[in-house]
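Note sheet for the following structure.
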Amino acid sequence: MYNFKFFIFALLSLFLVSCEKKETSNPIKIAAIEPLSGPYAAVGKDLIDHVLFSASEINKNGGINGRMIEIVPMDNAMKAEKTTELLRKALDDGIRFVTQGGGSSHALNIIKQLEKYNSRNPGKEVLFLNHSAVTTSFTNEDCTFFHFRFDSNVDMKVAGLVSHMSKDNSVKKVYLFNQNYVYGQTFRETASKLIKKNAPNVKIVGDELIQPFGKVQDFNPYITKIKLSGADTVLTGNWGPDAYRFVNALKDAGLKVKLYGIYISAPSGMAAMDKNLLFNDVIVVKEFNPTNPNAPSWYKKYEKDIIDATGMTPDGDRFRFMLEMFKSAIEKANSFEPIDIAYALEGMEGRSVDGGKVYMRKEDHQIHFDMQALLVTEKDKQSIIYRNKDFDMSYKNIGNIPIKDITLDTSCKIKRP
């Protein structure tokens, strides 16, 4: 009997040691849910490639405490039911980290599902690393402990745009032009409020929502309305086909207006716009200047490597610092458990390219950084490259927007486990 008990104990010990070794040597899987088919496939592929490369940079330097990051791409085709299905599959497969950014409605879907799942499965929680879904409510009334946003939210981006616009004496009459879903509606509401508050000399002369977003082919009716309004500037959050079709329609109509926005110059639409993008002044806000020849040497090496690997100039720096901060949080917590990593991420600082500060606000899990106001120009010292095509265009820094100008109050009341 004694020998039998000893034998069972030995087998159990070996099993536990094996499990521990497996846990500390297996890759850290992160499900990346993006549109890889359909009208937004180009955007989704760009997002996935940026995340993949940022993970590979960490892996080639030894990974995280001996474990490699494995990005698991999943195609939601920009459909709500697919996002739900893929998230369930990731959970069933034991994946405990999710990243996403293409579409705020899908991000909200993930937030709500994980909130339920995590409350019902203590010890098996899943952490959501949001790199690009920017609807403000996610770090306000819809905030949750297991969601972290590594991009500025809509209100912060609009605050940055309005901050720069208020210093631009040529802007007198603005037309608001956005997509008719939660993100576009939030952009519109925030823009109306902040223009009246922070740029009182600017008059809003039009307000339009695209219906249905992503599917409109003919923008001429919108162009006519903008022309009749007398607007000298269009403020827009449009992205994807709604951005590049609009830019092309303005050029075809010969309508000169300034374009203030976030994603107008996204490289995935450059092939469809080409030099039409230069017909009007396009001003965007970003966390850095993608074509800054004076960026620090460590970043220039990173930039060269990503261009060599993907054929793309990085359009956002948040993918890099998201995974760098993820790595730092694991090392700080000395744990791979999402709950421990989440606590370690609160208040954490990351590396900035342009010399400013990058930090994760504890109160709402919203990243904060200095912004740059950028004008799209003909090629200067360094140009934008997308899928190995040199577009002979650059970004010119025309204003720095400090953190204080985009730091807004939050209504978030996080319930911490």
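The values are calculated or read from the model by the stated rules, or taken from the named source; none is laboratory data. All values reported here derive from a predicted model rather than from experimental measurement. Positions of Cβ are backbone-derived with ideal geometry, glycine not excepted, and every protein chain shown enters the neighbour counts. What goes into the accessible areas is simple: the full protein's heavy atoms, side chains included, and nothing from ligands, DNA or RNA. Shrake-Rupley method; radii C 1.70, N 1.55, O 1.52, S 1.80 Å.
Go through the residues of segment 312-322 one by one and say whether even a single one is among the charged types (D, E, K, R), modelled with pLDDT under 95 and part of a helix (DSSP H, G or I). Within segment 312-322, not a single residue is among the charged types (D, E, K, R), modelled with pLDDT under 95 and part of a helix (DSSP H, G or I).
ALA253 - would you say it is among the aliphatic types (A, V, I, L, M), closer than 12 Å to PHE177 by Cβ and open to solvent by 10 Å² or more (accessible area, probe 1.4 Å)? Step through it out loud before you land on a result.
Working: among the aliphatic types (A, V, I, L, M): yes; closer than 12 Å to PHE177 by Cβ: no; open to solvent by 10 Å² or more (accessible area, probe 1.4 Å): yes.
So ALA253 does not fit the description; no.
Scanning segment 155-171 for residues that are part of a helix (DSSP H, G or I) and among the basic types (Lys, Arg) yields one hit, LYS157.
Answer yes or no as to whether LYS301 is of a type in the set (Lys, Arg), at pLDDT below 95, in a helix (DSSP H, G or I) and farther than 30 Å from PRO122 by Cα. Don't jump to the end; show me each part of the working.
Numbers: of a type in the set (Lys, Arg): yes; at pLDDT below 95: no; in a helix (DSSP H, G or I): yes; farther than 30 Å from PRO122 by Cα: yes.
For LYS301, the condition - of a type in the set (Lys, Arg), at pLDDT below 95, in a helix (DSSP H, G or I) and farther than 30 Å from PRO122 by Cα - is not met.
Hey, can you tell me all the residues within segment 310-342 that are of a type in the set (D, E, K, R) and open to solvent by 10 Å² or more (accessible area, probe 1.4 Å)? Scanning segment 310-342 gives ASP315, ARG318, GLU324, LYS327, GLU331, LYS332, GLU337, ASP340.
For segment 354-371, the candidate set comprises residues that are in contact with a Phe, Trp or Tyr (Cβ under 6 Å, 6 or more places away or on another chain) and part of a strand (DSSP E or B); within that set, the residue that is surrounded by the fewest Cβ atoms within 10 Å (Cβ to Cβ) is HIS368. Note on segment 226-244: residues that are part of a helix (DSSP H, G or I) and of a type in the set (Val, Ile, Thr) amount to 1. Exactly one residue among LYS286, LYS275 is over 22 Å from GLY63 (Cα atoms) and crowded, with 20+ Cβ neighbours inside 10 Å, and that residue is LYS286.
The single condition among (1) closer than 21 Å to ARG149 by Cα; (2) out of contact with any helix residue (DSSP H, G or I) (no Cβ under 7 Å at 6 or more places or on another chain) that GLY101 does not meet is (2). Take the residues of segment 179-199 that are hydrophobic (A, V, I, L, M, F, W, C) and part of a helix (DSSP H, G or I): which is most open to solvent (accessible area, probe 1.4 Å)? Out of the qualifying residues, it is VAL182.
Would segment 91-102 turn up any residue that is buried (at least 24 other Cβ atoms within 10 Å of the Cβ) and among the aromatic types (Phe, Trp, Tyr)? Within segment 91-102, not a single residue is buried (at least 24 other Cβ atoms within 10 Å of the Cβ) and among the aromatic types (Phe, Trp, Tyr). Which of the residues that make up segment 103-133 are in contact (Cβ under 8 Å) with a residue 60 or more places away in the chain, closer than 20 Å to GLY237 by Cβ and crowded, with 18+ Cβ neighbours inside 10 Å? Those that are in contact (Cβ under 8 Å) with a residue 60 or more places away in the chain, closer than 20 Å to GLY237 by Cβ and crowded, with 18+ Cβ neighbours inside 10 Å: GLY103, SER104, HIS106, LEU108, HIS131, SER132.
Filtering segment 134-149 to residues that are in a loop (DSSP other than H, G, I, E, B), polar (S, T, N, Q) and open to solvent by less than 10 Å² (accessible area, probe 1.4 Å) leaves only THR135. Looking across segment 245-272, the residues that are at pLDDT 95 or above and part of a helix (DSSP H, G or I) come down to ARG245, PHE246, VAL247, ASN248, ALA249, LEU250, LYS251, ASP252, ALA253. Candidates are the residues of segment 274-289 that are out of contact with any strand residue (DSSP E or B) (no Cβ under 7 Å at 6 or more places or on another chain) and part of a helix (DSSP H, G or I); the one that is farthest from GLU303 (Cα to Cα) is ASN276. State all residues of segment 226-248 that are without any contact (Cβ under 8 Å) to a residue 60 or more places away in the chain, surrounded by fewer than 23 Cβ atoms within 10 Å (Cβ to Cβ) and either hydroxyl-bearing (Ser, Thr, Tyr) or over 20 Å from VAL205 (Cα atoms) (or both); if no residue qualifies, say none. If the condition is that a residue be without any contact (Cβ under 8 Å) to a residue 60 or more places away in the chain, surrounded by fewer than 23 Cβ atoms within 10 Å (Cβ to Cβ) and either hydroxyl-bearing (Ser, Thr, Tyr) or over 20 Å from VAL205 (Cα atoms) (or both), then SER229, ARG245, ASN248 are the ones that fit.
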